[in-house]
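**Student:** Right, I'll just put the structure down here and ask away after.
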Amino acid sequence: GDTMKRRAGEREKELKKRKLLEELGENRLPYMTPADADFHHLWKRKYSKLIFRRSDTVPEELHQLVQEGFLTLRKHDCFFQDLVRIKGKDFVTPVSRVLIGNPGCTYKYLNTRLFTVPWPTEGYDIKYCSPQIRDACKALIKLNNYLHVEAFKALQGQNLSETKEMKDTAVIDREQNFATSLTEKESVSKDQSSCGVPEDDCLSLKNRTSYNVTLLNYMDPLQMLYLKQEPYFGMGNMAVSWHHDENLVERSTVAVYSYSCEGSAVEESNEQKVQGRDPAVWHVGLKVAWDIETPGLAIPLHQGDFYLMLDDLNMTHQHCVLAGFSPRFSSTHRVADCSRGTLEYIFGQCELALQNLQTDSDSRALSLKSLETAVVKQGEEIHNEVEFEWLRQFWFQGKRYLKCTDWWLKPMAKLEEFWRKMEIMTSLVLSEVGKKEQIEEQRNETINCLLVVLRERQKLREEWTAR
């Protein structure tokens, strides 16, 4: 069901995109950078949920810790290109990544599940391959907390300006906000507990900014033989194509801290700033999704700048990352939708499935408690889930986590044990269904539902083998 829906959605997107590009022909849509006179006006009209902060608004000590952490992780080879699947084809991402976050949490993008390198968390015994890697993870949790507070304040600021009809003053602030540091208005509440909006709203703001993972990116554009060109606006080399971030809690904020390893004299290219963005400098590009009326934005990102995509910006707009000349790291903090993506969840599922397996106290023989269609179907679906969403996703590219920590090895061994029992359950179901004693009707029903799940299993096994 999900797969069919997804494929239909992808086909529809593909058609929309092709139509757009055909309409454009050789022309390119207009876009603006802060060098353009109308930039601020466009920003406040169409992109007001994008908040930008220059690096001098961030405590120097935090920059230090985080940037050192990035370099440590690179030195220990902790960044990896992912093999992702788009429209049934596999691609290697130009950007190298590593996921850091809450223990047992995962993040899925483009059909690839990433497993967190856990950051130091109370109550968890996490062994890192080196003290430096531990320090790097610690630095990122500090950045995470800092960005949580900043995003919370920014959301609150927008909320207040909407509720109190202070739109005019808020707008002026937001314009300055781009160029200057935090204005007084931005630090609305010194007191974090009372948040100036009703309490349940306050909780919702907190939840939508409580990042549980950060996806770290690294790319050195000069090592890339080929980078895609941005197709709609002619913005130049792309490190990451236009997209919405997926697998996030609805209306949650995304926070991105950028660290481009520019020389001390920032490498501005010598082209006169006639039009368009400076190709030497990294930018984030934004556009309104499926809209060719509104000009795009390209915002330069220098060492230590960060930006926030508030509320529904990630749904209404698309963004891309435009490559400069120097290597760049980024830390992208997200509220991942973990409802089906945590160890706790999948262990719960396994226990549910294994409730249907019993061991005879004398003979130790295994048998099924129930052959009810619903029970059998649930068990076999969980069997597929643990095999394809967890075990294969992990071992497919999971060895690499061992460069940072062995944290996942024990839980994976446990999941594998559960899976072996589920394999036994499948063969028990098959042998039961093979027996003549069963009522014809019930037997057919069981066989039919079983076939669907087993066909899916077969198909996925072939797909994974090919990958």
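The values are calculated or read from the model by the stated rules, or taken from the named source; none is laboratory data. Everything quoted here is computed from the prediction, not taken from an experiment. Counting neighbours? That spans all protein chains shown, and the Cβs are built from the backbone with ideal geometry, glycine included. Calculation scope for accessible area: heavy atoms of the full protein, side chains included, ligands and nucleic acids excluded. Shrake-Rupley method; radii C 1.70, N 1.55, O 1.52, S 1.80 Å.
**Student:** Looking at (1) at pLDDT below 90; (2) part of a helix (DSSP H, G or I), can you tell me which one Glu462 breaks?
**Tutor:** (1)
**Student:** So in region 329-367, with the set limited to residues that are part of a strand (DSSP E or B) and touching a Cys at 6+ places or on another chain (Cβ under 7 Å), which one is farthest from Lys421 (Cα to Cα)?
**Tutor:** Ala336
**Student:** Ok, one more. Given the criteria open to solvent by 60 Å² or more (accessible area, probe 1.4 Å) and at pLDDT 90 or above, does Lys138 qualify?
**Tutor:** Yes: the conditions hold for Lys138.
**Student:** On to the next question. Looking at Glu389 and the list (1) open to solvent by less than 20 Å² (accessible area, probe 1.4 Å); (2) under 13 Å from Ile346 (Cα atoms); (3) not hydrophobic (A, V, I, L, M, F, W, C), which single condition is not satisfied?
**Tutor:** (1)
**Student:** Let me ask something additional. In region 1-78, which helices (runs of 4 or more DSSP H) lie fully inside it and hold 2 or more residues that are under 23 Å from the mean Cα position of the chain (by Cα)? Step through it out loud before you land on a result.
**Tutor:** Numbers: elements: 2-24, 39-46, 60-75.
Helices (runs of 4 or more DSSP H) meeting the threshold: 2-24, 60-75.
**Student:** Another question, if that's okay. Would you check if there is a residue in region 152-172 being modelled with pLDDT of 90 or more, open to solvent by 20 Å² or more (accessible area, probe 1.4 Å) and part of a helix (DSSP H, G or I)?
**Tutor:** Yes, there is a match, as at least one residue in region 152-172 is modelled with pLDDT of 90 or more, open to solvent by 20 Å² or more (accessible area, probe 1.4 Å) and part of a helix (DSSP H, G or I).
**Student:** Same structure, new question: Kindly indicate whether any position in region 260-270 is touching a strand residue (DSSP E or B) at 6+ places or on another chain (Cβ under 9 Å) and either in a strand (DSSP E or B) or at pLDDT 95 or above (or both).
**Tutor:** For region 260-270, residues touching a strand residue (DSSP E or B) at 6+ places or on another chain (Cβ under 9 Å) and either in a strand (DSSP E or B) or at pLDDT 95 or above (or both): present.
**Student:** Hey, another quick one. Collect the residues in region 288-312 that are farther than 17 Å from Arg328 by Cα, in a strand (DSSP E or B) and open to solvent by 10 Å² or more (accessible area, probe 1.4 Å), keeping them in residue-number order.
**Tutor:** Answer for region 288-312, where residues must be farther than 17 Å from Arg328 by Cα, in a strand (DSSP E or B) and open to solvent by 10 Å² or more (accessible area, probe 1.4 Å): just Val288.
**Student:** Right, something else. Are any of the residues in region 70-92 open to solvent by less than 40 Å² (accessible area, probe 1.4 Å) and either among the acidic types (Asp, Glu) or assigned by the TED database to the domain that holds Val453 (or both)?
**Tutor:** Checked against the condition, which is being open to solvent by less than 40 Å² (accessible area, probe 1.4 Å) and either among the acidic types (Asp, Glu) or assigned by the TED database to the domain that holds Val453 (or both), region 70-92 yields at least one hit.
**Student:** Look through region 381-434, keep the residues that are of a type in the set (Ser, Thr, Tyr) and modelled with pLDDT of 95 or more, and return whichever of them is nearest to Ser130 (Cα to Cα).
**Tutor:** If we take residues in region 381-434 being of a type in the set (Ser, Thr, Tyr) and modelled with pLDDT of 95 or more, then Thr405 is nearest to Ser130 (Cα to Cα).
**Student:** Also: Just the residues that are open to solvent by 60 Å² or more (accessible area, probe 1.4 Å) and in a helix (DSSP H, G or I), please, taken from region 433-459.
**Tutor:** So in region 433-459, the residues open to solvent by 60 Å² or more (accessible area, probe 1.4 Å) come out as 435-437, 439-442, 444-445, 448, 451-452, 455-456, 458-459.
Passing the criteria: Glu440, Glu441, Gln442, Asn444, Glu445, Asn448, Leu451, Val452, Arg455, Glu456, Gln458, Lys459.
**Student:** Examine region 40-51 for a residue that is at pLDDT below 95 and touching a strand residue (DSSP E or B) at 6+ places or on another chain (Cβ under 7 Å), and state whether such a residue exists.
**Tutor:** no
**Student:** Check Glu441, Glu445 and return the single one that is free of Cβ contacts under 8 Å to residues at least 40 places away in the same chain and of a type in the set (Asp, Glu).
**Tutor:** Within the list Glu441, Glu445, the selection yields Glu441.
**Student:** Name the one entry in Gln349, Gln378, Gln397 that is open to solvent by 50 Å² or more (accessible area, probe 1.4 Å) and either in contact (Cβ under 8 Å) with a residue 12 or more places away in the chain or under 21 Å from the mean Cα position of the chain (by Cα) (or both).
**Tutor:** Only one candidate qualifies: Gln378.
**Student:** What about Met425, is it open to solvent by less than 20 Å² (accessible area, probe 1.4 Å), without any contact (Cβ under 8 Å) to a residue 24 or more places away in the chain and among the aliphatic types (A, V, I, L, M)?
**Tutor:** Spelling it out, it is not the case that Met425 is open to solvent by less than 20 Å² (accessible area, probe 1.4 Å), without any contact (Cβ under 8 Å) to a residue 24 or more places away in the chain and among the aliphatic types (A, V, I, L, M).
**Student:** Oh, and also: Only one of these conditions is not met by Thr121: (1) surrounded by fewer than 16 Cβ atoms within 10 Å (Cβ to Cβ); (2) touching an Asp or Glu at 6+ places or on another chain (Cβ under 6 Å); (3) of a type in the set (S, T, N, Q). Which number is it?
**Tutor:** In the conditions (1) surrounded by fewer than 16 Cβ atoms within 10 Å (Cβ to Cβ); (2) touching an Asp or Glu at 6+ places or on another chain (Cβ under 6 Å); (3) of a type in the set (S, T, N, Q), Thr121 misses (2) alone.
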